[in-house]
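Comments concern the structure below.
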Amino acid sequence: MNHIFKQGDQGKPIFLLLHGTGGNERDLLPLAEMLNPTYSVLSVKGDVSENGMARYFKRLAEGEYDLEDLEYRGQMLYQFIKESAKEYEFKLEDVIPVGFSNGSNMAINLILREEAPFQKALLFAPLYPVDLQNNHKDLSAFKVFLSMGEQDPIVTKAQSEHVIEIFKERNATVSETWVNSHEITQEAVLAAREIL
């Protein structure tokens with residue numbers, strides 16, 4: 001997969017950067033710098049094209065996911081992260097998914113995989129309208145930061161609350177910040193740094 005790997009200080013965590021629709025692997029590099037410039041970075045470009053815009057999985061309409069494709073792409077991306085861990089010599093449990101919008105949604109898919117050992121994630125403008133009745137993963141050792149928009153034109157407040165519930169139902173420690181819209185704000189970045 002198209003990606004950038006930037007080596008940080010030895011023994012420090014690795015940010016897995018996942019961009020929003022229409023973004024690329026360079027988009028969130030400044031965010032990683034702001035969060036912690038000493039961490040390594042693995043930034044991956046989504047390999048699905050929607051009207052020429054890069055995404056991580058297909059959707060049928062706004063807020064309506066192609067669940068089969070989500071599952072398939074999630075598995076492929078997880079496999080790529082495992083291979084990257086060998087290639088660049090880092091541990092999977094040191095990976096911190098950092099996503100915006102479509103990247104956050106893909107990060108949730110990765111986090112909820114039974115085999116994924118991630119311990120923290122920073123998710124900006126997430127949306128996850130997926131039936132998770134058969135997913136009972138215990139996230140009691142997991143910390144997640146969620147930044148959501150009060151007036152987000154893409155994600156309703158109820159949909160944001162649903163994302164909070166996904167993590168709380170699985171006993172994760174949830175930190176939430178509410179911003180205005182579908183965006184990454186400086187205030188949210190400062191709040192995200194707290195859980196690092």
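The values are calculated or read from the model by the stated rules, or taken from the named source; none is laboratory data. None of these values were measured; they are calculated from a predicted model. No Cβ is skipped: glycine too gets one built from the backbone with ideal geometry, and neighbour counts run over all protein chains shown. Heavy atoms of the whole protein, side chains included, go into the accessibility calculation; ligands, DNA and RNA do not. Shrake-Rupley method; radii C 1.70, N 1.55, O 1.52, S 1.80 Å.
Taking only the alpha-carbon positions of the stretch 50-162 and ignoring solvent, what does the Debye formula give for the base-10 log of I(q)/I(0) at q = 0.13, 0.17, 0.24 Å⁻¹?
Log10 I(q)/I(0), no solvent term: -0.51, -0.89, -1.60.
What does the accessible area per residue of the chain come to in Å², with a 1.4 Å probe and no ligands, DNA or RNA counted?
47 Å²
Work out the P(r) tail for the chain: percent of alpha carbon pairs separated by more than 28 Å, whole number.
Counting every Cα pair in the chain, those more than 28 Å apart make up 17 percent.
Using a 1.4 Å probe on the protein heavy atoms, what percent of the accessible area of the stretch 1-49 belongs to carbon and sulfur? Write down the numbers at each step before the final one.
Working: 1000 of 2140 Å².
About 47 percent, which is the carbon plus sulfur part of the accessible surface.
Tell me whether the stretch 157-196 comes out rounded, prolate or oblate; compute the Cα gyration tensor, take square roots of the eigenvalues as a ≥ b ≥ c, and use a/c under 1.5 as the rounded threshold.
On the way: a/c = 3.73, a/b = 1.28, b/c = 2.92.
Oblate is the answer for the stretch 157-196, as a/c is 1.5 or above yet b/c matches or exceeds a/b.
Using only Cα atoms, locate the centre of the stretch 40-65 and the centre of the stretch 84-156, then give the distance between them in Å, rounded to an integer.
15 Å
If we restrict to alpha carbons, what Rg and Dmax does the stretch 98-157 come to, in Å?
11.9, 35
Once you order the gyration tensor axes a ≥ b ≥ c over the Cα atoms, which shape class does the stretch 126-166 get: rounded for a/c under 1.5, otherwise prolate or oblate by comparing a/b with b/c?
oblate
To the nearest 20 debye, what charge dipole does the chain have about its Cα centre, counting +1 at the Cβ of each Lys and Arg and -1 at the Cβ of each Asp and Glu?
That gives a dipole near 420 debye.
Counting only Cα atoms, I'd like the Rg/Rh figure for the stretch 54-94, Kirkwood definition for Rh.
Here Rg/Rh amounts to 1.14.
Could you give the C-alpha radius of gyration of the stretch 1-96 expressed as a fraction of 2.2 N^0.38 Å, taking N as the number of residues it contains?
In units of the globular-protein estimate, the stretch 1-96 measures up at 1.12.
Could you tell me whether the stretch 113-196 comes out rounded, prolate or oblate from its Cα gyration tensor? Rule is a ≥ b ≥ c as square roots of the eigenvalues, rounded for a/c under 1.5, then prolate if a/b exceeds b/c, otherwise oblate.
Verdict is oblate for the stretch 113-196.
Restricting to bridges with both residues inside the stretch 38-196, how much of the DSSP beta-bridge set is antiparallel, in percent to the nearest 5?
Counting DSSP beta bridges with both partners in the stretch 38-196, the antiparallel share is about 25 percent.
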